[in-house]
Amino acid sequence: MVTAIRKTDRIITGYRDHCHPLALGDSPTRVMAELYGKTTGTSKGKGGSMHFFDKSRNLFGGHGIVGGQIGLGAGIAFADWYRGEAHVTLCMFGDGAARQGILHETFNMAMTWKLPVIFIVENNQYAMGTSVARTSNVHDLHRLGESYDMPGVAVDGMRCEAVHEAIANACEHVRGGNGPILLDIQTCRCKATA
Ligand SMILES: Cc1ncc(C[n+]2csc(CCOP(=O)(O)OP(=O)(O)O)c2C)c(N)n1
């Protein structure tokens, strides 16, 4: 993902956030220090495991409230759009978070205002132990934006080239002023049934 974006683009994610600072160039020493609550950590020890923030790398968290980052991500994109800055926000969340009500209000406003945001479901088929199949009648998560006319694409998350290509295409779409796009990046090849 990081190979397809600009350094000035913004990233916001859920609570599984240890890899993001590393991918953005932070050192393992600082990441480990954060996990131990040390002032030498990425977020000065105040964030801990679920709340990695790094202003210098445009990492806006790390959020422990499942789905909370969906609205915040659109808010960051709104701020950039309002200031006339051409950044893209990559807003990541799990397949469980995708079932939160905030997704629908956010998708509606983000499409209405054509905000520069890529919504990314990290789809591992389970909200911790609860399978996609048990939480909804709709299992193709890339279709969740259809009622807002938001385009959606399913991506093989086990192939880094496919992820790079999908993010690069999505960035082009968003930078072209077309508004948000939803990527259902699948990190599990099996289909969860129970
Ligand atoms: C608003 C809210 N409800 C419930 C929880 C408890 N909780 C923590 S993780 C989780 C499941 C999240 O599932 P998903 O978004 O698919 O993430 P993954 O399982 O892939 O980490 C839940 C329900 C929470 N942190 N916040």
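The values are calculated or read from the model by the stated rules, or taken from the named source; none is laboratory data. The structure presented is a predicted model; accordingly, all values stated were derived computationally and were not measured. Here the Cβ is made from the backbone with ideal geometry for all residues, glycine too, and neighbour counts use every protein chain on show.
Selection within the range 91-114: residues that are in contact with a Phe, Trp or Tyr (Cβ under 9 Å, 6 or more places away or on another chain), within 16 Å of the ligand (Cβ to nearest atom) and outside any helix (DSSP H, G or I). The member of this set that is nearest to P180 (Cα to Cα) is C91. Condition check: in contact (Cβ under 8 Å) with a residue 12 or more places away in the chain, among the acidic types (D, E) and not in a helix (DSSP H, G or I). Does E34 satisfy that? The answer is no for E34.
In the range 1-18, the residues that are free of Cβ contacts under 8 Å to residues at least 24 places away in the same chain reach residues that are part of a loop (DSSP other than H, G, I, E, B) and more than 10 Å from the ligand (Cβ to nearest atom) with C-beta atoms within less than 9 angstrom, at least six apart or across chains, in these pairs: V2/L24; V2/G25.
So which residues in the range 54-89 are outside any helix (DSSP H, G or I), within 13 Å of the chain's Cα centre (by Cα) and within 13 Å of the ligand (Cβ to nearest atom)? Passing the criteria: G62, H63, V66, G67. The set of residues from the range 1-39 being aromatic (F, W, Y) and either surrounded by 17 or more Cβ atoms within 10 Å (Cβ to Cβ) or within 16 Å of the ligand (Cβ to nearest atom) (or both) comprises just one member, Y15. Just checking, does the range 144-159 include any residue being assigned to a helix (DSSP H, G or I), assigned by TED's automatic domain parsing to the domain that holds A110, of a type in the set (D, E) and more than 20 Å from F93 (Cβ to Cβ)? Taking every residue of the range 144-159 in turn, none turns out to be assigned to a helix (DSSP H, G or I), assigned by TED's automatic domain parsing to the domain that holds A110, of a type in the set (D, E) and more than 20 Å from F93 (Cβ to Cβ).
Scanning the range 128-181 for residues that are of a type in the set (G, A, S) and more than 23 Å from E85 (Cα to Cα) yields G129, S131, A133, S136, G145, S147, G152, A154, G157, A162.
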